[in-house]
Structures are given as structure tokens and as C-alpha cells.
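As C-alpha cells, the structure follows; a few thoughts come after it.
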Amino acid sequence: MFSATELQPVWYGDRQPPLHLRAIAALYGVVVGLRSAAYSSGLLRRTRLPVPVVVIGNINAGGTGKTPLALAVIEALRARGYRPGVISRGHGGSARVPMRVDAGSDPAVAGDEPCLIARASGAPVAIGRSRVAAARLLLDEDAADVLIADDGLQHYALGRDVEICVIDGVRRFGNGRLLPAGPLREPAARAAACTFRVCNGATPAADEIAMQLEGADAFSLDETLPARRLTEFAGQRVHAVAGIGNPARFFSQLRAAGIDIVEHAFDDHHAFAPADIAFGDGLPVLMTEKDAVKCAEFAGPRQWFVPVVARLPEQFFDALAARLRRNG
């Protein structure tokens with residue numbers, strides 16, 4: 001197996017991918033093309049659901065900011081009169097059958113991102129390897145009138161009304177190659193076919209919507225302690241823990257707040273153990289909210305998490321709601 005962490009210098013640097021990676025990527029491209037053609041031609045069937053479906057995803061392997069965007073979309077649609085529900089694959093969890101996820105669900109079973117969304121938004125959430133099965137479970141039990149599929153761009157069996165592709169504004173599409181020679185799950189042209197393209201950070205292209213992730217506060221995993229402004233850690237040395245798709249983004253956020261960090265990067269969806277966040281030196285530990293979901297049971301007062309909020313133009317949410325009304 002190839003580790004995404006180990007391949008980052010190839011994907012986003014100047015190194016030429018080795019020949020064996022390029023050969024595998026060529027085969028992967030054939031499979032991706034055949035699969036896409038099978039769904040486009042009707043050879044493989046897409047299932048349409050009785051409510052509109054908004055798919056949020058990316059074409060890069062790893063994190064681009066999908067989950068903060070999903071939370072922002074939930075809030076925006078509620079403000080416009082919708083009752084959104086969320087469906088997800090449940091990456092990192094052990095569940096083998098569709099299941100409901102709530103604030104008390106175990107991330108080791110349900111996956112870290114669905115648990116984060118359920119806890120942060122209070123929206124009904126269901127997971128399943130089949131997003132269609134997860135959706136049906138949700139619709140049978142809740143009055144959701146729109147479904148948000150978190151990280152479902154490549155799950156073509158699920159019919160969709162809106163596709164939102166999230167693009168890392170700094171790293172973009174890396175070397176532009178398909179996995180494993182590059183970071184792309186599908187060719188870059190796939191992003192252009194989506195209804196909306198959201199650019200996380202940096203300067204968006206002319207046809208992209210700008211998104212910024214903002215995090216100003218830190219919350220202790222010991223819930224008896226009050227929140228602190230992130231700037232209160234400025235000038236201090238802290239351990240920075242990130243088991244997300246792009247740990248460098250979190251580390252840059254902390255450095256921008258003037259914090260002296262010791263980096264601890266883990267693979268995306270890492271199953272944290274107590275030893276991963278215990279460094280024996282008494283320094284504070286700052287982590288992402290996604291990591292905190294998995295560390296809550298064994299963390300102490302020195303461990304803090306920094307949630308982020310996605311900021312986008314209100315015109316984007318208006319356009320999304322208008323599209324849903326047309327398709328509803």
C-alpha cells in the first residue's frame with residue numbers, strides 16, 4: 001500500500017513520480033473512465049431519492065475543507081427554511097451496515113467526520129458504504145427535506161441535484177496526475193463539471209467561490225474549563241497534533257497566531273491512542289476538532305481543540321437554495 005503522507009512530496013512537489021506509480025495511475029485512469037462511462041450511459045444505475053441531494057466532495061485525495069463547508073451549508077439551508085440531513089461513508093469507522101449517528105456515537109464505529117457533524121450541527125446523520133442505503137435509513141426516520149452527502153463526489157450510484165467540489169487554494173491539483181502518481185481521484189476536468197467550485201484559501205479562479213476557514217478560540221477537552229482565545233497561546237511552545245488530510249494547514253493556522261509549535265502529523269482518520277497526545281513535558285496540546293472527537297475519552301485539561309468555521313459569500317448560499325428550489 002502507498003501512504004498518502006509519504007507521497008505528498010511527489011504529489012505537491014517537483015519530484016517526478018516513479019515509473020511504477022505512473023503505470024498504476026494509467027491503469028487507474030482506465031478504470032475511472034470506464035466506471036464514469038457506465039453510469040453516464042445507464043449501464044450502471046443511479047438511484048434518485050425523493051428529496052434533493054447536495055454532494056460535497058473533492059477530486060484530491062485527502063482534506064480540502066469539505067466538513068467545515070458541510071457544516072456551513074447545513075446552517076445556511078436551515079436559515080432558508082430547509083431541514084437538512086447528512087449522509088456519509090463513515091471513513092475511519094468500523095461499521096459495516098448503515099447506521100444512525102448522533103452526538104453520543106463512537107467515532108471508532110461511525111467515523112470521525114460524521115460524529116463531528118452530528119455533534120457540531122445537531123442535524124440527523126446516517127452513514128453507510130452505500131449512501132443510498134444511508135439516505136433511506138435517514139428518510140425513514142426523519143423529516144429531512146434535503147440531504148447533504150459529505151465526501152460523495154465519486155459515489156455515482158447516488159443521484160444528485162447539486163455537486164460542490166472543494167479545491168485547496170494553495171495546493172490546487174498538485175502535479176495534476178491521477179492516483180497514486182498524483183493526488184487526483186479523477187481528472188482535473190471533473191471539477192469543472194460540478195455545479196459549484198469552492199476554493200479554500202488563497203485566491204480563487206474566476207469561476208470559483210472563495211472560502212476562508214476561521215478559528216479564533218481553543219476549547220479544552222476537559223469541559224469544566226472555559227474557552228481561551230487562540231491568541232492567548234501566542235509566544236508559548238505547544239504540541240500541535242493533526243490527523244487530517246492536510247496537517248500543514250492546521251500548523252500554519254497556529255503559527256499565524258504567533259504560537260511556537262512542535263508538529264505531530266498523523267495520517268487522515270488516525271485512530272488516536274492516549275500515548276499519541278501525551279508528551280510528558282507539561283506543554284499544552286492543540287489539535288483539530290476532528291481529532292478531538294476521537295481523543296475526548298482519554299484527554300485531560302492540557303489538551304485543547306481549535307474548531308474552524310467556513311466563511312463564504314451569502315450569494316453562494318442564495319444560489320444553492322435557488323438551485324434546490326428549481327430541482328425540488
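The values are calculated or read from the model by the stated rules, or taken from the named source; none is laboratory data. It should be emphasised that the depicted structure is a prediction, and the values quoted were computed from it without experimental measurement. Every residue, glycine among them, receives a Cβ derived from its backbone with ideal geometry; neighbour counts consider all protein chains shown.
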Q: Of all residues in the stretch 145-179, count the ones that are of a type in the set (D, E, K, R) and more than 16 Å from the chain's Cα centre (by Cα).
A: 4
Q: Kindly indicate whether residue 254 is assigned to a loop (DSSP other than H, G, I, E, B), of a type in the set (A, V, I, L, M) and over 27 Å from residue 110 (Cα atoms).
A: no
Q: List the number of the failed condition for residue 222; all other conditions in (1) surrounded by fewer than 20 Cβ atoms within 10 Å (Cβ to Cβ); (2) at pLDDT below 95; (3) touching a Gly at 6+ places or on another chain (Cβ under 8 Å); (4) under 17 Å from residue 311 (Cβ atoms) hold.
A: (4)
**Q.** Odd one out for residue 275 among (1) over 16 Å from the mean Cα position of the chain (by Cα); (2) under 21 Å from residue 109 (Cα atoms); (3) touching a residue at least 12 places away in the same chain (Cβ under 8 Å)
**A.** (3)
Q) Pick from the stretch 3-51 the residues that are basic (Lys, Arg) and assigned to a loop (DSSP other than H, G, I, E, B): which of them is modelled with the lowest pLDDT? A) 15
Q: Take the stretch 93-109 and flag every residue that is farther than 22 Å from residue 75 by Cα and either among the small types (Gly, Ala, Ser) or in contact with a His (Cβ under 8 Å, 6 or more places away or on another chain) (or both).
A: 93, 94, 95, 108
Q.
Quick test for you: out of 291, 268, pick the one residue that is closer than 20 Å to residue 167 by Cα and either of a type in the set (Lys, Arg) or touching a His at 6+ places or on another chain (Cβ under 9 Å) (or both).
A. 268
Q. Residue 165 fails exactly one of the following numbered conditions: (1) out of contact with any helix residue (DSSP H, G or I) (no Cβ under 8 Å at 6 or more places or on another chain); (2) surrounded by 20 or more Cβ atoms within 10 Å (Cβ to Cβ). What is the number of that condition?
A. (1)
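Checking the structure you have, find out if any residue of the stretch 240-249 is within 30 Å of residue 39 (Cα to Cα), within 19 Å of the chain's Cα centre (by Cα) and charged (D, E, K, R). Before you say what the answer is, go through the steps one by one.
If we filter the stretch 240-249 for residues that are within 30 Å of residue 39 (Cα to Cα), which is where we start, we get 245.
This time we only want the ones that are within 19 Å of the chain's Cα centre (by Cα), so: 245.
After this cut, where a residue has to be charged (D, E, K, R) as well, the list is none.
Within the stretch 240-249, none of the residues are within 30 Å of residue 39 (Cα to Cα), within 19 Å of the chain's Cα centre (by Cα) and charged (D, E, K, R).
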(Q) Among the listed residues 249, 190, identify the single one that is in contact (Cβ under 8 Å) with a residue 40 or more places away in the chain, assigned by TED's automatic domain parsing to the domain that holds residue 69 and surrounded by 15 or more Cβ atoms within 10 Å (Cβ to Cβ). (A) 190
Q.
Looking at 285, 308 in this structure, which one is of a type in the set (A, V, I, L, M, F, W, C), in contact with a Leu (Cβ under 8 Å, 6 or more places away or on another chain) and touching a residue at least 24 places away in the same chain (Cβ under 8 Å)?
A. 308
